[in-house]
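First up is the structure itself, then whatever we jot down about it.
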Amino acid sequence: MKALAFLCILFATTLKPLIHLAISSSSTTTSSSSSSPEESDGHHQSYDYYSQSCPLAEQIVRQSTRSLFAGDPRTAPQLLRLLFHDCFVHGCDGSVLLEENIEGGRTERDAIPNQTLKGFDKIDFIKDIVEEACPGVVSCADVLVLAAREGVLLTGGPFYPVVTGRKDSTRSYYETAEEEIPSPNHNVSTTLARFASKGFSPRETVSLLGAHNIGSIDCDFIRTRILNFSGTGLPDPSIPTDFLIELATNCSGNSRSGLNVASGRTSTATASTAIPYYQALSPLLPSGNTFGTHYYGALLKGRGLLFSDQQLMYDRKTTKLVEAYASDDGFTFKRDFARVMMKLSSLSGSISDQGPPRLQCSRLN
C-alpha cells in the first residue's frame with residue numbers, strides 16, 4: 001500500500017525551516033504556532049485542522065512531495081503555478097484540478113491561461129496516498145496548498161505557515177479563468193490592476209512574480225514576442241540583441257533543443273520545447289536550480305523572458321522594487337515572498353460552491 005510505504009519513513013519531528021523570519025508581523029494570518037481559526041471564508045480553518053481527523057496529513061503531503069521532487073525537480077514550479085492559477089480564480093478551492101464540470105460544462109483546465117499547466121498527476125499521486133491513510137478527510141485544496149509550500153522549500157525558498165480546512169469546490173470556473181488570470185502579454189498597468197483586484201499591492205505583486213525564478217517556460221509563451229511582436233512581424237524592440245539571439249535559437253520553430261536548467265548547456269528536449277526561466281539564460285547572473293533573486297537581476301539587464309515580467313521596469317514604483325530585490329542578499333525577497341504566499345494561500349471563494357473533500361481531485365464526488 002502506498003500509504004503504508006510512506007508512513008514507514010515519516011518521523012515525528014517537524015521541519016524547522018531556517019527562514020521563518022518575521023513573516024507574521026505584517027501578514028494576513030497569525031503565527032504558525034497558533035491554532036486560532038480563520039473565519040473569513042465562512043468556515044473554520046486552523047493550523048491544526050487535521051490534528052484529530054488525520055494527524056499525519058501534512059507529513060504525508062511533505063514526504064510525498066519530496067519523493068516526487070527527487071525524481072523530477074520540475075515538480076516544485078509545476079505545483080507553485082498550479083496553486084497560483086487555482087487561488088486566483090474564486091480562491092484556493094481546488095477548482096483548477098477538475099477535469100469535469102457540473103452539467104458537462106468546460107473547466108478551468110480548458111481556459112487558455114491554463115492549457116499549459118502541469119503537475120495534475122502529481123497532485124493525484126499525493127491525494128491517493130492521503131486517501132489511503134484518511135479516506136474522505138483532507139481536501140484537494142489543502143493538498144495543493146501544502147504541496148506547493150513544500151515545493152518552494154525544496155528549491156531553497158522560504159517556509160511560510162498556512163492554515164488548513166479549505167473546502168473543495170463543487171464546480172470549475174472556465175469563464176472566470178479566461179477573464180481574470182494575468183496574461184504574459186499584459187503591460188505593467190494591466191498586471192498591477194489585475195493583481196490589485198485580488199487585494200495585492202504593487203510590492204506584493206512584484207514579490208509574487210518572483211516565483212518565476214524557478215522552473216521552465218514553454219516557448220509558446222514568448223514565440224510571438226520574438227517573432228511577431230504586436231503584429232509587426234518583428235521582435236519586441238526592447239529585447240537586447242544578444243538575448244534575442246539566445247531566445248530565437250532555443251525557440252525556433254523547427255528546433256527541439258532547449259537548455260539544461262542547472263548547467264545552461266543545450267540539450268535535446270523530450271517534451272514540448274521549453275527553456276529555463278532565468279538561470280541558464282542569464283550567464284552573468286547567479287545560476288542554478290535554486291530559489292533566489294536572479295529573476296530581478298535579469299530584469300535589470302533587460303533579459304526578462306515574459307513581456308509582462310520585463311514590463312516591471314517601465315513603472316517607477318515597480319522598478320524600485322525590482323532594484324531593491326536584485327541588490328538584496330535574498331533575505332528581504334524571501335521574507336516578502338513568504339508573506340505574499342500566505343496571502344495567496346488564504347484567498348477564498350464562494351461558500352455556496354464549496355463541498356466536502358473530493359475523493360479524486362480531478363472528479364466531482
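Quick rundown of the values:
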quantity	calculated
Checklist (1) assigned to a loop (DSSP other than H, G, I, E, B); (2) within 17 Å of the chain's Cα centre (by Cα); (3) of a type in the set (Gly, Ala, Ser) applied to Ala211, failing item	(1)
Qualifying residue in region 49-62 (condition: within 15 Å of the chain's Cα centre (by Cα), in contact (Cβ under 8 Å) with a residue 40 or more places away in the chain, buried (at least 24 other Cβ atoms within 10 Å of the Cβ) and on the phi < 0 side of the Ramachandran plot)	no
Any hit, region 131-150, residues being under 14 Å from the mean Cα position of the chain (by Cα), in a helix (DSSP H, G or I), more than 20 Å from Tyr50 (Cβ to Cβ) and in contact (Cβ under 8 Å) with a residue 40 or more places away in the chain	no
Candidate set from region 66-77 (those that are in contact (Cβ under 8 Å) with a residue 60 or more places away in the chain and surrounded by fewer than 24 Cβ atoms within 10 Å (Cβ to Cβ)); member that is nearest to Arg194 (Cα to Cα)	Arg74
Residue, surrounded by the most Cβ atoms within 10 Å (Cβ to Cβ), within region 160-208, restricted to residues that are among the aromatic types (Phe, Trp, Tyr) and assigned to a loop (DSSP other than H, G, I, E, B)	Tyr160
Filter result for the condition that a residue is within 30 Å of Cys54 (Cα to Cα) and in contact (Cβ under 8 Å) with a residue 12 or more places away in the chain, over Leu347, Leu300, Leu321, Leu306	Leu347
Scope region 316-359; condition assigned to a loop (DSSP other than H, G, I, E, B) and either under 18 Å from Ala148 (Cα atoms) or not polar (S, T, N, Q) (or both); matching residues	Asp328, Asp329, Gly330, Ser346, Leu347, Ser348, Gly349, Pro356, Pro357, Arg358, Leu359
Test set (1) crowded, with 17+ Cβ neighbours inside 10 Å; (2) in contact with a Gly (Cβ under 8 Å, 6 or more places away or on another chain); (3) at pLDDT 90 or above - Thr273 fails condition number	(3)
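The values are calculated or read from the model by the stated rules, or taken from the named source; none is laboratory data. This one's a predicted model, so the numbers in the text were calculated from it and none came from an experiment. Every residue, glycine among them, receives a Cβ derived from its backbone with ideal geometry; neighbour counts consider all protein chains shown.
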